[in-house]
Amino acid sequence: MADAPAPRAIFQKARQFFEPEGRYMQAKSAGVYPYFRPIEVAEGTRAVINGKEVIMAGSNNYLGLTNHPAVVEAAQAAIEKYGSGCTGSRFLNGTLDLHLELEARLARFMGKEACVLFSTGYMTNQGVIQSLAGRGDLIFSDKDNHACIVAGTQVSAAETVRFRHNDMAHLRMLLEKHSTERPEAGKLIVTDGVFSMSGTIAQVPELVALAEEFGAGLMLDDAHAVGVVGPGGKGTAAHFGLTDRADLTTGTFSKSFASLGGFVVGSHEVIEYIRHSASAHIFSASMPPANVATVLACLDILEAEPWRLERLNAIADRMREGYRSLGFNVWSSQTPIIPVVIGDQMTSLAFWNDLLKEGVFVNPVVPPAVPRGQSLMRTSYMATHTDEELDEILAIFQRVGVKHGIITEDGKPGHLVSGHGDARGEAVPPSMGR
Ligand SMILES: Cc1ncc(COP(=O)(O)O)c(C=O)c1O
């Protein structure tokens with residue numbers, strides 16, 4: 001008889017994942033596991049989950065364009081004309097006239113010389129960092145940057161130095177130290193323009209000044225800023241009137257632009273270099289035609305209907321104020337991303353399930369995406385939410401918040417929840433430390 005095959009050590013992690021004391025099995029057995037829930041119908045501010053209609057307050061569809069008739073029609077027309085996919089990389093057989101049109105349009109929109117598309121926002125950040133920062137270079141990266149920036153620093157041959165979240169004094173100290181030790185190294189400062197969990201805006205004026213003082217390139221990831229922040233939705237550099245002084249801005253089409261894909265804008269020279277050297281661009285198939293046409297249609301609507309941006313920001317102000325007056329801690333959100341801090345992880349999952357039962361879908365965020373004891377409900381809004389929907393969301397949060405002791409009925413923070421509920425007193429997001 002043949003010997004039993006040797007156990008595969010490589011799969012040990014997967015076996016451990018299913019151990020009863022692990023977080024996955026605990027959430028499953030408590031009946032509060034919240035992830036990968038299939039959405040059966042998605043109609044902008046409404047969704048059907050498990051046969052029940054709920055208000056969607058957990059998407060990144062900021063301008064409410066995913067179901068807009070002109071957007072859907074543009075996507076359908078692009079499929080009719082070009083087919084369903086490009087079946088190749090931009091470098092070879094995957095460049096359509098439509099890709100070039102979108103690149104030119106985005107460069108103009110963002111006020112920069114040139115643009116290059118990638119097939120997702122994730123690949124954009126990863127690809128830009130990998131192509132620009134090579135052996136001997138230094139990357140200065142905010143500790144709370146998105147996972148795809150972290151991935152970019154990991155695939156890059158450069159050395160990465162992480163500065164404390166949004167801490168400009170710490171960044172200066174690190175720039176001084178490393179510039180003295182390695183004066184010849186090329187330097188890149190990279191940060192989320194809007195932080196995806198806290199909804200706070202990066203300190204672009206200080207970042208620009210530091211980049212100029214130390215001769216570093218500055219890269220802003222505006223995934224949650226384009227179509228949301230700044231005049232006309234042109235992002236965080238434009239918000240501060242600093243478009244000319246921020247070297248590179250990246251963005252995604254999976255949020256305001258109701259599609260899938262990503263882009264980077266900057267000077268002609270740097271963008272052409274990235275186009276010819278980022279492996280995520282060269283060795284991966286290009287954005288399908290319908291995705292590109294969707295973004296072009298969204299840009300038309302964004303420019304023709306400024307009310308969407310105004311409404312979105314008015315909604316964000318109203319909801320932040322609404323949560324605060326109920327007694328919730330929303331950290332220092334400045335955008336339509338509004339975190340509602342719950343504290344303990346298992347309480348957060350139960351809280352999330354109660355919200356869903358009552359009729360609102362949000363995103364539960366637990367460690368390691370946030371520090372221990374600071375689990376939260378990440379809520380986010382669309383220009384198309386009605387006042388009635390917003391009032392209902394707040395009413396549901398109040399009921400569930402009182403039930404779990406996170407707030408009191410008269411609008412105060414409640415008693416501490418089990419575990420590490422101490423985070424509720426904090427107005428400023430601590431570093432996620434990812
Ligand atoms: C800050 C940030 N950057 C980049 C991305 C990646 O974008 P995409 O979904 O297009 O890959 C995301 C998406 O979650 C994000 O939040």
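The values are calculated or read from the model by the stated rules, or taken from the named source; none is laboratory data. Note that the coordinates shown come from a computational prediction; the quantities given were computed from them, not determined experimentally. With ideal geometry, Cβ positions are generated from the backbone for all residues, glycine too; neighbour counts draw on all protein chains shown. Protein only, heavy atoms only, side chains kept; ligands, DNA and RNA dropped before computing areas. Shrake-Rupley method; radii C 1.70, N 1.55, O 1.52, S 1.80 Å.
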> Restricting to helices (runs of 4 or more DSSP H) lying wholly in region 111-221: which have 3 or more residues that are out of contact with any Leu (no Cβ under 9 Å at 6 or more places or on another chain), free of Cβ contacts under 8 Å to residues at least 40 places away in the same chain and of a type outside the set (D, E)?
Replying inline: 147-155, 168-181
> Can you tell me which of A147, A42, A114 is within 14 Å of the ligand (Cβ to nearest atom) and either open to solvent by 30 Å² or more (accessible area, probe 1.4 Å) or under 20 Å from K234 (Cα atoms) (or both)?
Replying inline: A147
>> For region 153-169, check the following and say yes or no: at least one residue is within 16 Å of T250 (Cα to Cα), buried (at least 19 other Cβ atoms within 10 Å of the Cβ) and either within 16 Å of the ligand (Cβ to nearest atom) or outside the structural domain of D247 (by TED's automatic domain parsing) (or both).
In response: yes
>> For region 117-139, give me each residue that is within 11 Å of the ligand (Cβ to nearest atom) and open to solvent by 10 Å² or more (accessible area, probe 1.4 Å).
In response: S119, T120, G121, Y122, M123, Q126
>> Residue under question is V270, and the condition is that it be more than 12 Å from the ligand (Cβ to nearest atom) and buried (at least 22 other Cβ atoms within 10 Å of the Cβ); does it hold?
In response: no
> Within region 1-88, which helices (runs of 4 or more DSSP H) (wholly inside it) include 3 or more residues that are under 30 Å from S198 (Cβ atoms) and out of contact with any Gly (no Cβ under 9 Å at 6 or more places or on another chain)?
Replying inline: 23-29
> Could you say whether any residue in region 21-34 is more than 18 Å from V366 (Cβ to Cβ) and of a type in the set (D, E, K, R)?
Replying inline: no
> What is the one condition in (1) within 15 Å of the ligand (Cβ to nearest atom); (2) closer than 21 Å to D192 by Cβ that A246 does not satisfy?
Replying inline: (1)
> Does region 132-142 contain any residue that is under 22 Å from D244 (Cβ atoms) and modelled with pLDDT of 95 or more?
Replying inline: yes
> Is at least one residue of region 323-336 of a type outside the set (S, T, N, Q) and within 30 Å of A75 (Cβ to Cβ)?
Replying inline: yes
> Going through region 351-387 one residue at a time, which ones are out of contact with any strand residue (DSSP E or B) (no Cβ under 8 Å at 6 or more places or on another chain) and either surrounded by fewer than 20 Cβ atoms within 10 Å (Cβ to Cβ) or β-branched (V, I, T) (or both)?
Replying inline: N353, D354, K357, E358, P368, A369, P371, R372, T384, T386, D387
